[in-house]
Amino acid sequence: MSTFDEIYQKIKAYPTIILHRHTSPDPDAIGSQAGLARALRAKFPDKKILCAGENDEGDLAWINTMDEVKPEDYKGALVITTDTANTPRISNKNYDKGNFLIKIDHHPDVDPYADMSYVDPDAPAASEIVVDFLNAEGFEITPEVAYPLYAGIVGDTGRFMYQETSAHTFDVASQLASTGINITEIARNISDVTFAQAKLQAAVMDYMTVDPSGAAYAVLTQADLKKLGVTEDQASVTVSTPGRIKDVIAWNVFVEKPDGTYRVHYRSKGPVINHLAEKHDGGGHALASGANAQDMDEVKQIFAEVVDVTKKYNEEHE
Ligand code: AMP
């Protein structure tokens, strides 16, 4: 792994820097990308700094929108990805057209695809790593920089709830909040849902099956989504719903895609599930992962595996 200083030397050396993040973005993907881009723009006004992505930011356009990036911009450029563990998940496939590639991430480093990387799976958000980088290298953190980074941290920590949230996370959040950003607005933008999304959350509660082990799952079909006018990405707000139940320890939400396959969400309060996701064209964090299922047989197989690890976890923690 490289140091912040080594990354900074590369940043100083390149006139064009293009920042990429992951597909189906969440607040940490957009926030880490935008926060770094804005800090670089402020410090290096003569460099061309661009945010690339497939314009799929959707409901997250309040954090940042993408720039127009032309194929010729990549000539001799430095490309930096944030929050993106593997190449299939990088939004906009031109990421390898630059001159040098840097990865800044907080997922397990299963795919070390970059020329240089800074990866810390213990960090709760890529945005926290970006703040650490900016502080280490003497960048000024203005409200414009702080806003997306705070959004990223609130998003990926589940409002400071999930396991990797640390005292350092609160120090970083405090530093960002002290720039005067509207932290209530950010928290509301992240947690408020539309009435249709709330109904979908209710459907997940309604459909949910809970195994005696504490493993749970629910399947949302295209018909459910269409009835409520909710897109597959917007359906992601249902993912934390089963975890609100005390007895639920690990769970899946399966969301049917238009082609009849399923996007799979894994969440856990203890049993490690990312190795399970890796078996199904996915991956992610120890307690929060995503994958894909071809059909209902694979859906059933995936849930059986979650039941299995949950039972083992219970035996080990009796
Ligand atoms: P999600 O359930 O989509 O919110 O994703 C949870 C975590 O798993 C995030 O950190 C994602 O970056 C990661 N993830 C989701 N889908 C995939 C995938 N197909 N491959 C690898 N990582 C994924």
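The values are calculated or read from the model by the stated rules, or taken from the named source; none is laboratory data. Just so we're clear, the structure is a prediction, and the values are computed from it rather than from any experiment. Here the Cβ positions follow ideal geometry from the backbone for every residue, glycine too, while neighbour counts run over all protein chains shown. The accessibility values were calculated without ligands, DNA or RNA, using every heavy atom of the protein model including side chains. Shrake-Rupley method; radii C 1.70, N 1.55, O 1.52, S 1.80 Å.
Annotations
- Beta bridge orientation in the range 1-124: antiparallel %, DSSP, nearest 5: 5
- Contour excess over end-to-end distance, with Cα ends at residue 13 and residue 179 and 0.36 nm allotted per residue: 56.8 nm
- Directionally averaged projected area (convex hull, Cα atoms, the range 4-190), nm²: 9.4
- Over the range 1-117, relative contact order from alpha-carbon pairs under 8 Å, at least 6 apart, %: 30
- Anisotropy class of the range 20-100 from Cα gyration tensor, a/c 1.5 cut: oblate
- Average Cα contact separation per residue, the chain, under 8 Å, 6 or more apart, as relative contact order %: 13
- Qualifying lysines (Cα of each under 25 Å from Cα of residue 199; at least 8 residues distant if same chain): 226, 227, 246, 257, 269, 300
- Solvent-accessible area per residue for the range 195-316 (1.4 angstrom probe, square angstrom): 47
- When both bridge partners sit in the range 195-316, DSSP labels roughly 75% of those beta bridges antiparallel.
- Just so you know, the Cα atoms of the chain work out to an Rg and Dmax of 19.6, 61 Å.
- Listed by chain and number, the aspartates and glutamates whose alpha-carbon sits under 17 Å from that of residue 311, ignoring those within fewer than 8 places in the same chain, are 211, 247.
- Cα-based Rg and Dmax for the range 89-179, where Dmax is the largest Cα-Cα distance (Å): 14.0, 39
- Note on the chain: with neighbouring protein chains present and a 1.4 Å probe, carbon and sulfur make up 49 percent of its accessible heavy-atom surface.
- Angstrom value of the Kirkwood radius, inverse mean 1/r, which spans all Cα pairs in the range 205-318: 13.9
- Choice from 188, 267, 159 showing the highest fluctuation, given a GNM over the chain with Cα pairs closer than 10 Å: 188
- Helical runs assigned H by DSSP (4 residues or longer) give the chain a calculated mean residue ellipticity at 222 nm of -11500 deg cm²/dmol, each run adding -39500 (n - 2.57) before division by the residue total.
- Largest GNM mean-square fluctuation across 37, 85, 61, computed for the chain with C-alpha springs under 10 Å, falls on 61.
- Solvent-accessible area per residue for the range 1-99 (1.4 angstrom probe, square angstrom): 42
- For a modelled paramagnetic label at residue 159, 7 Å from Cα along Cα-to-Cβ, the residues of the range 1-35 in reach, with backbone nitrogen under 17 Å, are 27-28.
- Partners of residue 47 within straight-line reach, counting lysines whose Cα lies under 23 Å from its Cα and excluding those fewer than 8 residues away in the same chain: 10, 12, 70, 75, 93, 97, 103.
- Degrees between helix 167-177 axis and first principal axis of the chain (Cα, 0 to 90, nearest 10): 60
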